[in-house]
Structure formats: C-alpha cells, structure tokens
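Data first, discussion second: the structure below is written as structure tokens.
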Amino acid sequence: MNSLSNKENLIVLAIESSCDETACAIVKNGREVLANVIATQIEIHRRFGGVVPEIASRNHTLAIENVVKEALDQAHMTKDDIDAIAVTYGAGLLGALLVGVNFAKGLAYAWHKPLFAVSHIRGHIAANYIDSDLEPPYLCLLASGGHTAIVKVADYQKLELLGQSKDDAAGEAFDKVARVLGLPYPGGPEIEKLAKCGTPRFDCPLPHHTNELYFSYSGLKTYVINLVHSFDQKGIEVPKADVAASFQQAAVNQLVDVLNRAIKQTGIKKIAVAGGVSANLLLRSEFDKLAKQGCDVHYPKLKYCTDNASMIGAEAYQLIRSGSIESGLDLDACATVLINACYSN
Ligand code: KG4
Ligand code: ZN
C-alpha cells in the first residue's frame, strides 16, 4: 500500500527522459493532462542520423529544470499542488534515464513527495487512458522504436505478453529503411510522408503465416535494403516513393495480421494501439476497418503516441491506485525492462 491509494483526486508530476525527449507532465486522476511539456532533441541528433546517447544525456541535463518549471507554470500550480512524482526508470538509454531518475529523486526528497518508478513501455500503453474511458480487459498492439508486441491488458496492472518481435522492432525497421532511402531521423514520419506519393508495387516478404503470435522485421528490412542497392548497382534512379509505400504497407499489414490472429485466439474485441508507430495514419486506417468489423477500437491522441511524460503520469496513477509501494531514493535506472514487468527493488 502507499499513502495515496485512497486519495480522492491525484495530481502526479511525471518526468520522462528515456531517449531524446526531455519531458514533464502534470496529470490529474490518470486521464486529464494539466500540463504537457516536451523539449525535443531531434534536430540535434538528426545530423548524426540517429540518437547519440552521450549527447542525449547532456542535453537532458541542460533542459530538465526548465521543462519541469514550465510544466508547473502551464498547470498554474506549485509544488504544494503535487501529490506524487513519477519517473521513467526504463527501458531506454541508461545515461538518459539517469538524468530523469536523479532529478525526480531530488524533487521527491526536497518536496517531501512519494516517488513512483514507471516502465516506459507500460507508459506507452497507458497513453490510451488520456481523455478516454478505456478500461481493461483489452488487447494492445505495441509498436515503438524498441518494442513490437501484442499485450493482453487483463487489468490495469496485469499485463500478459502474448507475442513479440523475434528480431527488429517495427519502428526500428522504419528508421533503418528511411536511412537507406536517404531520409532524415526519425524515419517513421518521413516514410509515411514519402509513401503518400508512391504506389506499393513491390512485393515485400511477410513472415511465414502460422498461428503463432510473433513479429519479424529483419527480413523485410533486408529485402528493402537489397532492393535499393540493386537499383543503385544498375544505375537506375531508386523509385523512393514506391519503395517507401511498399515497405509501409508490408510493415502495417504484419502488425494488423498478428493483431487479427490475437483477436481470434483470445476472443477479445476491445483493442488499442501504442508506441511511436501508432501515429502512422495507414495503421490507424487499418484499425478503422477493424472498428467497422465490430471491434471496439482505441488509439492515443497523436501527441501522446511518441515519447511524452503524460503517458508516464497516466500509468503512475494506475500504479498508485493499485496500491503499489513507493520507490526509495535508491531507485536506479534500467536499460532493459520486460514488457510485462513492474519496477521492483
Ligand atoms: O515510442 P517511440 O516514440 O520511442 C520508443 O519508445 O521507441 O517510438 C519511436 C519510433 C521511431 O522508430 C519512429 O520512426 C516511429 O516510432 N514513428 C513512426 C511514426 N512516428 C514515429 N513510425 C511510422 N509512422 C509514423 N508516423
Ligand atoms: Zn517510447
């Protein structure tokens, strides 16, 4: 139990710094965002073609104090209005995570507030609760830069991993294919933009169709890389828009195929999607088709699909309500976290 599990209204100040966004949010009762501040480092990392961990940590350190101050200003609040501090402890870049974790520990100590450690992955799933009445049980398709999985959310704090990628994550494949096509980081939105001008005329490979619930993106990625190289070798201009459209179609088809199998196997027709790739409009249009077929479909708002701290506040609320114990000031960051795990000392 924690001291807040029965408090009527809960205001959580949440911090997220797992990759290249320094973020702070203030969230009321897990569903209402009072402040959402994100200092993005995308422009800084773009010139390197991806996130440079050392540079990310340094920029988190520079940004975090102002980001937290701005969140309090946005919500017209002071520390006295905050009931708890929440922070992403993993998964992510260790050095980047440590900046958020240490800042959150400092705040909890100085302000005498309880501290809660939140899994970034669970945060992505909880983004679906913001401004929404979604309740478990439901199936969640998680597709981010680091993870691709089907999760059965049996209850707010009871996640069952039904299947995941055997190799690359979907977002990682978007980023790598974008790089080969000469598009800037992050690749997902760039592929989506380019694909709009193209035709999905290349027959991209799909993993073997079985009843197993798993994803695999390395074969698709290699196919696209080889396709681009074969155009280059022949001295033919790469039809980039068609390649992007073909890849995107195949990547999305795979996500939806596995989700469909999970719906059939579990009989659960309430579905949600989470993680950066859930911002993809082709994927969302496939979800709309499932809604027409009788599924109860939920998505996070676009601004809560990619990394943000509101989702961490949303998950922290559920963690607190479930009676989870507070973290101590010995809380440590963790680069890898199992999808269905909670923080434990
Ligand atoms: O969830 P996220 O912000 O970070 C992780 O926790 O990994 O996901 C980032 C990933 C990147 O790989 C990015 O290319 C991808 O999500 N992404 C997209 C789109 N927006 C972001 N992929 C496809 N279409 C998009 N619109
Ligand atoms: Zn993320």
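Each reported figure results from applying straightforward, stated rules to the coordinates on display, with no laboratory input. Keep in mind the model is a prediction, meaning the values are calculated, not measured. Cβ: placed from backbone, ideal geometry, glycine included. Neighbour counts: every protein chain shown.
List of remarks:
- One Cα centroid belongs to the stretch 166-231, the other to the stretch 16-33; the line between them spans 30 Å.
- Available extension along the chain between R179 and H209 is 8.0 nm, counting 0.36 nm per residue and deducting the alpha carbon span.
- Charge tally around H112: other residues with Cβ under 15 Å, Lys/Arg +1 each, Asp/Glu -1 each, net -1.
- Since only T22, G328, V252 are under comparison, the one whose Cα sits farthest along the positive direction of the charge dipole of the chain, derived from C-beta charges on Lys, Arg, Asp and Glu, is V252.
- Projecting the alpha carbon convex hull of the chain along each direction and taking the average yields 17.2 nm².
- Here the sum of -39500 (n - 2.57) over DSSP H runs of 4 or more residues, divided by the residues of the chain, equals -13000 deg cm²/dmol at 222 nm, to the nearest 500.
- In plain terms, if you count all Cα to Cα distances in the stretch 136-299 and split them into 10 Å steps from zero, the share in each step is 11, 41, 33, 13, 3, 0 percent.
- Alpha-carbon spread of the stretch 294-345, three principal axes, descending order, Å: 45, 24, 20
- Using only side-chain charges placed at the Cβ, +1 for Lys and Arg and -1 for Asp and Glu, the dipole size of the chain relative to its Cα centre rounds to 640 debye.
- Rounded tilt (10° steps) of 218-233 against the dominant C-alpha axis of the chain: 50 degrees
- Calculated FRET efficiency for the pair Q265/K196, C-beta based, R₀ 35 Å, to 0.05: 0.55
- Between K303 and N340, residue separation times 0.36 nm minus the direct Cα-Cα distance comes to 10.9 nm.
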